[in-house]
């Protein structure tokens, strides 16, 4: 039997090895068919060439990506990823939709799921596109997945950076308290980390997110200390750059460090200026506007747009309008967007402040019409995106169905054979184990029976010897009594011949007396038998009875002896009265319920009463 089982195991393992090897070759072949042969000789159309211009010349970058894919310099998957990167940096909502659509499709591919670095990059593109599109709910979803991925890789600082993003998104979707608590927690945790540039940069970004959230919710008082913390941290970095040096990819070179510091310091100035202006502390606001104008952050149009609302609050309408004129000019004919809508609403606000009510109404109506058109386009874009998502998912499901069908067709006979062999193997093992168990149980049952019979014989012999000893001690006294029968008639017997009082017995003698009493009168068969029964029968105290068991026997307490006597009695009944049910044996042995009986029997003998009886079959 053992040799036969061993042969079957060897056969099963060999069968699995052959099946897995064949499946591995098939997978390799299918992957090979999808992999393009790289033609790296054409250096004009490469990933590096596309990434060098995608921020400034997105259309040209897309042409390079398409050509690189045709030439084989890029795989289909990687080309799609680069397209998503380009689209995520666009200014048109439809391009954001395209970036999201492509990146979501990439997340379903085996190539992305198998490469953690690739998956991280795709998630970053998804998060950026959702942020640009103001799709906060989807942004929360992808930010959470990206944060989890960072933590799985042990990149705690990057995870905290994403947590700050999540906090800002929570505020945007209406969960203000949760969002601010999240951002504050990130700032606090980063304060406790080592002094490195990567941690510093993450802290700056987290504070920036808090400033944006405070601005969105009108929590202007909180903006001022947060901006000051940014400035203090930047000053520390400016004075002691070597203390922060860590060689991380985000760390600027020595030449770029002043620009980095100046840029974020300018952000802090702008936040302070906006907060003070909102609190009607115009002198302080103007001071920080002047400081902001001297920073690198103010040199770009986006930087000037950041300070424009503050200028309006300070009454500097001409300068504010000059910024919006510049913005409108930069848009050209592309006015169907939120940037132009912001220009219109600000023009209306300024016109109203200058009492030019006709211009204010005209700009307001134009603004309302534009927002309605943007909303319609947004709904159209969302419908397009959902339809495209559905189509991609359908295509992906169809591809998966075809792959699954092919895999099932190839593996079905292997699986069926494998399952059959496993069933056979398990059956053989189960039969062998059952036989071993039955044999073990028979031996164990015989041993249990022998032990119980031995104990019965031992205690019968012990009681017999004790009875003989008592008779031998009484014999002389009996003869003397017979000789003096007339003299003793009517008188009480000599007190020396009376049984000894229980109080004079030693612990060992008292234990023997109590055991004989319990066993000879079968008190243990009463389910309600307890120490109180002995107290009433003997007049002893519970402490005296307890001491007899704990000090002079192998039983810590009386219940241990009672349980043993009941189990021994149950063994005798199981052996001698097979017609009784397990429940009847339980009740006849003094147990109150079968659960306690089965548990006690199993604990003492290593098998249940049913298994014990089964050894007799």
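The values are calculated or read from the model by the stated rules, or taken from the named source; none is laboratory data. Quantities reported herein were computed from a predicted structural model and do not represent experimental measurements. So basically every Cβ, Gly included, is an ideal-geometry build from the backbone, and we count neighbours across all protein chains shown.
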*asked:* Given the condition without any contact (Cβ under 8 Å) to a residue 40 or more places away in the chain, within 25 Å of residue 270 (Cα to Cα) and touching a helix residue (DSSP H, G or I) at 6+ places or on another chain (Cβ under 8 Å), answer yes or no: does some residue in the stretch 142-161 qualify?
replied: no
*asked:* Against the definition (surrounded by 18 or more Cβ atoms within 10 Å (Cβ to Cβ) and over 47 Å from the mean Cα position of the chain (by Cα)), how does residue 321 come out, yes or no?
replied: yes
*Which of the following residues is surrounded by 16 or more Cβ atoms within 10 Å (Cβ to Cβ) and modelled with pLDDT of 90 or more: 124, 165?*
165
*Kindly provide the set of residues from the stretch 233-245 that are surrounded by 14 or more Cβ atoms within 10 Å (Cβ to Cβ) and either more than 19 Å from residue 208 (Cα to Cα) or in contact (Cβ under 8 Å) with a residue 40 or more places away in the chain (or both), ordered by number.*
237, 241, 244
_Per-region count, the stretch 295-313, residues surrounded by 12 or more Cβ atoms within 10 Å (Cβ to Cβ), more than 13 Å from residue 346 (Cα to Cα) and free of Cβ contacts under 8 Å to residues at least 24 places away in the same chain_ = 2
*Members of the stretch 330-364 found to be loosely packed, with under 15 Cβ neighbours inside 10 Å, at pLDDT 75 or above and in a helix (DSSP H, G or I), listed by number*: 357, 358, 361
*Please work out if residue 159 is within 22 Å of the chain's Cα centre (by Cα) and surrounded by fewer than 17 Cβ atoms within 10 Å (Cβ to Cβ).*
no
*What do you reckon, is residue 143 part of a helix (DSSP H, G or I), at pLDDT 85 or above and buried (at least 18 other Cβ atoms within 10 Å of the Cβ)?*
yes
*Across the stretch 245-259, what is the number of residues that are assigned to a loop (DSSP other than H, G, I, E, B) and within 42 Å of the chain's Cα centre (by Cα)?*
10
*Pick out the one residue from 291, 279 that is without any contact (Cβ under 8 Å) to a residue 40 or more places away in the chain and within 22 Å of residue 222 (Cα to Cα).*
291
*asked:* Given the criterion at pLDDT below 85 and either touching a helix residue (DSSP H, G or I) at 6+ places or on another chain (Cβ under 9 Å) or farther than 19 Å from residue 457 by Cα (or both), identify the matching residue among 543, 556.
replied: 556
_With closer than 29 Å to residue 355 by Cβ, surrounded by fewer than 22 Cβ atoms within 10 Å (Cβ to Cβ) and modelled with pLDDT of 90 or more as the only criterion, which of 255, 281, 326, 316 stands out?_
281
_Among the residues listed as 611, 579, 583, the single one being more than 18 Å from residue 512 (Cα to Cα), touching a helix residue (DSSP H, G or I) at 6+ places or on another chain (Cβ under 6 Å) and free of Cβ contacts under 8 Å to residues at least 12 places away in the same chain_ = 583
*From 462, 439, grab the single residue that is part of a helix (DSSP H, G or I), within 30 Å of residue 616 (Cβ to Cβ) and at pLDDT 75 or above.*
439
_Can you pull out every residue in the stretch 583-599 that is assigned to a helix (DSSP H, G or I) and either in contact with a strand residue (DSSP E or B) (Cβ under 7 Å, 6 or more places away or on another chain) or crowded, with 19+ Cβ neighbours inside 10 Å (or both)?_
585, 586, 597
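Here is a yes/no grid of residues against (1) assigned to a helix (DSSP H, G or I); (2) without any contact (Cβ under 8 Å) to a residue 24 or more places away in the chain:
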residue: 167; (1), (2): yes, no
residue: 188; (1), (2): yes, yes
residue: 195; (1), (2): no, no
residue: 203; (1), (2): yes, no
*What residue, of 216, 212, is farther than 19 Å from residue 161 by Cα, at pLDDT below 95 and under 34 Å from the mean Cα position of the chain (by Cα)?*
216
_The one condition in (1) at pLDDT 90 or above; (2) within 24 Å of the chain's Cα centre (by Cα); (3) closer than 30 Å to residue 78 by Cβ that residue 183 fails to fulfil_ = (3)
*Enumerate the helices (runs of 4 or more DSSP H) found wholly within the stretch 1-119, keeping only those where 3 or more residues are buried (at least 18 other Cβ atoms within 10 Å of the Cβ) and at pLDDT 50 or above.*
58-71, 76-88, 93-107
